[in-house]
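Report on the structure given below.
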Amino acid sequence: MTSASRDRVTIDLRGIGPSVRAAASARRMCVAAYARLALAEASDQPVAALPPAAPIERADAVMKVTLRLDPLDAELLLLGAAHVGLSYGAFVARLLRGMPLPAPLAERVKDREALIVSSDHLATLSADLASLIRMLKRGDGEGAAGYRASAESLVDDVRRHLELASRVVARNGGER
């Protein structure tokens, strides 16, 4: 019976492990590929007839990978991923691609809070500026004078906000 699913087998090599690994290595194959080849030959299955691995059809497809790591390396992976707030897969993928890691999660939270405060301040300034413009259009110079300090600090406030926003985006590498 042919099945589209992939069958998995665990093989106890009972003492032949070193020679199997050496033979697979000599053919520049992993042990699993070498075992598939041996099983295909033993069952008189033409090697070319083996179904290829399913192609990845979408750019956003995800594959599960299992890693065997030294306990210290595994602990470093867990701590590193948690420190920057990424899944293990996203953390390893960034390292493999040479992509910068985002700032630590605690710093990103502080950055986000500072950006929210700055955005709220700009919203207040925007409302003040709208009121100032309405008063100037009505010729209410006395009322408009109360908004003078806000209007004068507007350029500096916007510049500070944009610097903060660009710094947050650059430090976080697109992560929230």
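Nothing in this text is a laboratory measurement; each read-out follows from the coordinates by a stated rule. Every value quoted in this text rests on a predicted model; they were computed, and no experiment measured them. Cβ sites come from the backbone with ideal geometry, for glycine too, and all protein chains shown count toward neighbours.
Apply the Karplus parameterisation 6.51 cos²θ - 1.76 cosθ + 1.60, with θ equal to phi minus 60°, to every residue of segment 87-101 and state each ³J(HN,Hα) to the nearest whole Hz, in sequence, with x for glycine and proline.
Once rounded to whole Hz, the list reads 5, 4, x, 5, 5, 5, 4, 5, 5, 5, 7, x, 7, x, 7.
What is segment 57-101 by shape, rounded, prolate or oblate, if you read a ≥ b ≥ c off the alpha carbon gyration tensor as root eigenvalues and call it rounded for a/c under 1.5, prolate for a/b larger than b/c, and oblate otherwise?
oblate
Applying 1/(1 + (r/R0)^6) with R0 = 30 Å to the Cβ-Cβ distance of Y88 and S19, what FRET efficiency is obtained, to the nearest 0.05?
Working from the Cβ atoms, E equals 0.35.
Suppose we keep just the alpha-carbon trace of the chain; what are its Rg and Dmax in angstrom?
Rg, Dmax (Cα atoms, Å): 30.5, 98.
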